[in-house]
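Written out below as structure tokens is the structure these notes cover.
The values are calculated or read from the model by the stated rules, or taken from the named source; none is laboratory data. Everything numeric here is computed off the predicted structure, so don't read it as measured data. Counting neighbours? That spans all protein chains shown, and the Cβs are built from the backbone with ideal geometry, glycine included. For accessibility, only protein heavy atoms count, side chains too; no ligands or nucleic acids. Shrake-Rupley method; radii C 1.70, N 1.55, O 1.52, S 1.80 Å.
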Amino acid sequence: MKKFLRDILFGNIPVTEYSTVTVKDGIMERVYLEAGGERIDISLTHWLLCLNPVVFGIWFPKQENTLSFNINPRYLMYFKDSAVDAETVAVLKLNYFNKIAEPDGTLLLLKLARASIHHINFIRTRLIFYRYYKKPEQDFYKLKSFSAAYSYPRKVRLISFMEGDWYNIFPMDLVGDIPGSKRYVFGLRHTNVTLARIIETKKMVVSEIPYEYKEIIYSLGKHHHEPLSGTRLPFNLVQSSIYNFPIPEWAISYKEISIVNTMNLGSHMLLWGMEINEKVLNEPSYNLFHIHFLHYLHLQKKGQPYELI
């Protein structure tokens with residue numbers, strides 16, 4: 001009976017909370033922010049930075065007129081599955097949380113208040129929730145929140161840090177690079193063992209990584225909670241140019257970051273940094289991205305444009 005129900009719900013698709021894909025022809029989804037009667041495309045200038053509560057950061061360059069977006073108490077965010085003939089897969093209501101003002105722009109921080117999702121029909125969504133997702137730490141509201149937030153592909157990168165003999169390398173997808181500037185924004189869990197050291201030293205390195213190393217990348221995921229120090233690694237390391245932090249030799253490129261500001265968002269700490277050095281190590285390749293499983297099911301219905309990894 002369980003197999004019959006699973007086949008009806010998913011067919012042969014493996015059930016996971018998040019699907020790992022690679023994007024070879026560009027991200028097709030679009031995200032729009034609405035406030036004060038205006039709507040703008042924030043697809044390339046928004047990032048998920050915290051999961052509890054769900055907090056997004058949206059970058060507004062100074063030359064743009066953002067008055068109505070900065071002072072409005074209520075915001076709507078629309079996630080659409082494409083730029084043309086688009087279906088709306090999620091609508092979020094958000095409240096003002098905080099902001100980081102810079103001479104050339106502002107990072108507006110918005111906290112989720114309510115989410116509605118439309119990836120698949122309501123009955124199928126409920127069946128999936130009760131069969132696979134319902135647990136003490138995740139109710140239906142969290143399913144809606146996370147599936148909405150991951151209705152736009154979130155790129156996976158590697159973070160490196162070293163202090164004396166202590167070092168760590170781990171993947172994360174709550175990170176964004178600010179277009180037209182050398183700024184980066186990160187959302188690190190308070191439980192991450194490297195967070196306090198990064199804040200104290202104000203140093204970290206972020207690397208672009210190829211999807212072909214997925215298994216190794218995910219094996220590093222446990223090092224959110226324990227350092228790599230003393231671990232035998234199945235790959236060689238190179239040192240970054242300024243900080244001398246460890247970088248996998250197969251990384252595409254890396255950037256050395258100086259942290260200039262921090263902010264407690266809830267379950268995650270926001271780190272606001274400036275790039276001080278960049279180096280390319282290998283030829284360009286495709287990256288890993290995370291999308292929610294419900295969004296993947298929706299894309300399957302429309303003819304999946306991404307390759308499942």
- line: Among residues of the stretch 248-262 being of a type in the set (A, V, I, L, M) and surrounded by fewer than 21 Cβ atoms within 10 Å (Cβ to Cβ), the residue farthest from the chain's Cα centre (by Cα) is V260
statement: Those residues of the stretch 72-92 that are charged (D, E, K, R) and either within 17 Å of Y296 (Cα to Cα) or open to solvent by less than 40 Å² (accessible area, probe 1.4 Å) (or both) come to a total of 3
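Would you check if there is a residue in the stretch 118-133 being part of a strand (DSSP E or B) and at negative phi?
Residues of the stretch 118-133 that are part of a strand (DSSP E or B), as a first pass: none.
There is no residue in the stretch 118-133 that is part of a strand (DSSP E or B) and at negative phi.
Taking Y286 as the residue in question, decide whether it is among the aromatic types (F, W, Y), open to solvent by 80 Å² or more (accessible area, probe 1.4 Å) and in contact with a strand residue (DSSP E or B) (Cβ under 8 Å, 6 or more places away or on another chain). Show your work before the answer.
Working: among the aromatic types (F, W, Y): yes; open to solvent by 80 Å² or more (accessible area, probe 1.4 Å): yes; in contact with a strand residue (DSSP E or B) (Cβ under 8 Å, 6 or more places away or on another chain): yes.
Against the criterion (among the aromatic types (F, W, Y), open to solvent by 80 Å² or more (accessible area, probe 1.4 Å) and in contact with a strand residue (DSSP E or B) (Cβ under 8 Å, 6 or more places away or on another chain)), Y286 qualifies.
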- prompt: Is the stretch 239-261 home to any residue that is part of a strand (DSSP E or B), acidic (D, E) and out of contact with any helix residue (DSSP H, G or I) (no Cβ under 8 Å at 6 or more places or on another chain)?
  reply: yes
field: Residues that are over 14 Å from the mean Cα position of the chain (by Cα) and open to solvent by 10 Å² or more (accessible area, probe 1.4 Å), drawn from the stretch 153-171
entry: M162, E163, G164, D165, W166, Y167
- prompt: Which pairs do you get when a residue that is in contact (Cβ under 8 Å) with a residue 40 or more places away in the chain and over 12 Å from V280 (Cα atoms), found in the stretch 236-248, comes within reach of a residue that is crowded, with 19+ Cβ neighbours inside 10 Å and of a type in the set (D, E), reach meaning Cβ atoms under 6 angstrom, with the pair 6+ apart or on two chains?
  reply: Y243/E256
- request: Considering only the stretch 107-135, state which residues are closer than 19 Å to T45 by Cβ and touching a Ser or Thr at 6+ places or on another chain (Cβ under 7 Å).
  value: L112
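Need a quick list: strands (runs of 3 or more DSSP E) entirely within the stretch 33-106 having at least 2 residues that are closer than 28 Å to L188 by Cβ and at pLDDT 95 or above.
Numbers: elements: 38-41, 46-51, 54-61, 74-80, 88-102.
Per the criteria, 46-51, 54-61, 74-80, 88-102.
Go through E212, E208 for me and flag whichever is surrounded by fewer than 20 Cβ atoms within 10 Å (Cβ to Cβ) and either free of Cβ contacts under 8 Å to residues at least 24 places away in the same chain or acidic (D, E) (or both).
None of the other options fit; the residue is E212.
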- line: Of (1) polar (S, T, N, Q); (2) outside any loop (DSSP other than H, G, I, E, B); (3) modelled with pLDDT under 95, S229 satisfies every one except (2)
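If you check R197, R183, which single one turns out to be open to solvent by less than 40 Å² (accessible area, probe 1.4 Å), basic (K, R) and in contact with an Asp or Glu (Cβ under 9 Å, 6 or more places away or on another chain)? Working first, answer last.
Numbers: R197 fails: open to solvent by less than 40 Å² (accessible area, probe 1.4 Å).
Going through R197, R183 in turn, the sole match is R183.
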- prompt: Among the listed residues N244, N277, which satisfies the condition of being under 15 Å from I169 (Cβ atoms) and open to solvent by 30 Å² or more (accessible area, probe 1.4 Å)?
  reply: N244
